[in-house]
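Below: the structure, in structure tokens.
The values are calculated or read from the model by the stated rules, or taken from the named source; none is laboratory data. Predicted model only: the values in this text are computed from it and were never measured. In this analysis, Cβ positions are derived from the backbone assuming ideal geometry, glycine residues included, and neighbour counts consider all displayed protein chains. Ligands, DNA and RNA are excluded from the accessible area calculation, which covers all protein heavy atoms including side chains. Shrake-Rupley method; radii C 1.70, N 1.55, O 1.52, S 1.80 Å.
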Amino acid sequence: MSTLDLLLVVVGALGVVIVAISARLHQWPVSEPLIAIVAGVLLGPAVTGILELPELTAEPSLLQHGAEVLLAVSVMGVALRYPFAALRRNWRSLALLIGVVMPAMALVSTGPAMWLLGTSFALALLLGAAVCPTDPVLESSAVTGLDAEEDLPKRDRQILSLESGANDGLAMPLVLLALAVAGPLSAGQAVLESGWQVLGALVVGVVGGVVAAKALHLAQRHETTEQGPMLLYTILLALLVLGVCGLANLNGVFGAFCAGLAFNLVSTGAERETEVQIDEAVNQFAVLPFFVALGAMLPWAEWRALGWTGVALAVAVLVLRRLPLILGLARPLGMPLHSAAFLGWFGPVGVAAIFYLTMEVEYGSVHPEILAAGTLIVVASTLAHGISSAPGRAWFRKVERARAD
């Protein structure tokens with residue numbers, strides 16, 4: 001039996017179980033990515049050896065394209081999750097989070113990497129830039145579902161979702177800057193490529209989203225579209241934009257997010273609500289094959305070489321990377337401290353970090369130790385944020401009720 005067949009069996013079985021318990025899952029201290037990683041570890045070479053996949057440090061490209069596709073589908077769902085008016089209402093907070101907090105998170109993560117790993121500033125900055133974006137795949141367990149809607153204010157959910165959707169693509173200039181510091185790119189090349197990747201993706205995404213929405217309007221007016229195919233419309237749009245951006249060497253993840261926002265703006269409310277339900281369902285299960293494969297490809301030998309230093313680095317990044325910054329900016333963000341604490345903690349490191357780390361490998365800049373440390377941070381974040389999402393919402397609900405009394 002081939003590895004692909006086994007992977008399909010595992011993903012299918014996990015999907016069936018998750019569907020069966022989906023109404024309860026978000027009430028428990030687990031998440032779909034966490035379940036998938038555990039399954040990958042148990043079935044991978046480190047335990048049973050059923051899934052014979054190479055370690056990530058040996059074949060990093062195996063996960064890169066999967067990460068990009070998963071991110072494109074995920075950010076499309078984020079862009080459709082709320083009415084476009086939510087972006088207009090919260091644009092100042094989002095600009096602060098993306099323009100100030102995200103670069104600061106890259107620098108804050110660079111410091112512990114230099115100190116604990118004893119590496120150069122350039123290599124540490126590559127790690128810091130890769131782990132700075134918040135992950136829309138992991139944060140969805142905290143902000144989606146009926147429990148999240150009951151426990152968390154709409155504005156907090158909107159800001160966290162939209163930030164994670166936007167900064168997954170907008171981290172690209174920071175990664176390219178880190179590559180310029182490390183040597184593969186000159187400063188001029190980094191600036192030019194950043195402008196091309198981001199601005200080009202913006203154009204492709206907006207044009208694609210508007211054209212797709214107008215085409216859907218026309219098809220519905222002439223009754224040429226069946227309900228079944230239409231339910232996957234925006235998923236296909238995300239893949240289309242991702243492919244066009246790939247051909248033009250543009251940032252496909254940011255392009256997909258822009259396409260979703262443009263579709264959101266031009267489409268009717270009924271169209272957006274229908275599409276977002278499908279996007280959320282697909283997003284819930286699209287994570288499974290990626291995280292199962294990640295669990296089976298974890299670099300255990302490199303982790304053992306890092307020892308407790310790697311564990312200390314993961315803890316330092318999760319605690320220091322984001323929470324102190326958001327707490328310090330609570331007033332400019334217009335948030336009470338408990339909202340800032342929740343927003344500061346639930347900024348997970350996930351699929352985007354894997355994508356950027358493997359992209360840096362393509363440029364020949366990432367030392368295996370840095371890639372191993374990055375994957376350790378991703379797994380630590382998946383574990384920490386997966387088990388704390390339900391208790392975190394319960395704590396937030398308790399504080400909100402105490403404030404109301």
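The range 37-54 and the range 230-258 have their alpha-carbon centroids 32 Å apart. Using θ = phi - 60° in the Karplus curve 6.51 cos²θ - 1.76 cosθ + 1.60, the 3J(HN,Hα) couplings for the range 119-127 round to 9, 6, 4, 4, 5, 5, 5, 4, 5 Hz; x is entered for Gly and Pro.
Estimated at the nearest 10 Å², the accessible area of Arg322 is 0 Å² with a 1.4 Å probe.
Out of every Cα-Cα pair in the range 64-144, what percent are more than 14 Å apart?
72 percent
Shape descriptor for the chain: Rg over Rh equals 0.95 (Cα atoms; Rh from the Kirkwood inverse mean 1/r). A Cβ-based charge dipole, computed about the Cα centre of the chain with Lys and Arg at +1 and Asp and Glu at -1, lands at about 1300 debye.
What the Cα convex hull of the range 1-70 gives, in volume per residue, is 114 Å³. By the Kirkwood approach, averaging reciprocal distances over each pair of separate Cα atoms, the range 309-405 gets a hydrodynamic radius of 15.0 Å.
Positive end of the charge dipole of the range 1-150 (Lys, Arg +1 and Asp, Glu -1 on Cβ, about the Cα centre): tell me which of Ile98, Leu127, Ser61 has its Cα farthest that way. Going by the charge dipole, the pick is Ile98. Which value at 222 nm does the chain reach when only helices count, each DSSP H run of 4 or more adding -39,500 (n - 2.57), with the total divided by all residues and rounded to the nearest 500 deg cm²/dmol? Computed ellipticity for the chain at 222 nm equals -25000 deg cm²/dmol. Plugging the Kirkwood radius over Cα pairs into Stokes-Einstein for the range 36-191, at a temperature of 10 °C and a viscosity of 1.306 mPa s, what D comes out in µm²/s? Translational diffusion coefficient: 89 µm²/s.
Ordering Gly243, Ser389, Leu71 by Cα displacement along the dipole of the chain toward the positive end leaves Ser389 in first place; charges were set at the Cβ atoms of Lys, Arg (+1) and Asp, Glu (-1). With the biggest extent put first, the Cα atoms of the range 151-263 measure 55, 41, 17 Å across the principal axes. The charge dipole of the range 362-405, taken about its Cα centre with unit charges on the Cβ atoms of Lys, Arg (+1), Asp and Glu (-1) only, comes to about 460 debye.
Heavy atoms only, probe 1.4 Å: what % of the accessible area of the chain goes to carbon and sulfur, would you let me know? Show your work: numbers first, answer last.
On the way: 11180 of 16440 Å².
Percent of accessible area from carbon and sulfur atoms in the chain: 68.
Surface calculation, 1.4 Å probe, protein heavy atoms: Met114 sits at approximately 70 Å² accessible.
Between Glu369, Glu149, Glu302, the Gaussian network model of the chain with springs among Cα atoms under 10 angstrom shows the greatest mean-square fluctuation at Glu149. A quarter of the convex hull surface defined by the alpha-carbon atoms of the range 107-149 gives 3.7 nm² as the mean projection.
Restricting the calculation to Cα atoms, the range 101-177 yields a radius of gyration followed by a Dmax of 15.1, 46 Å.
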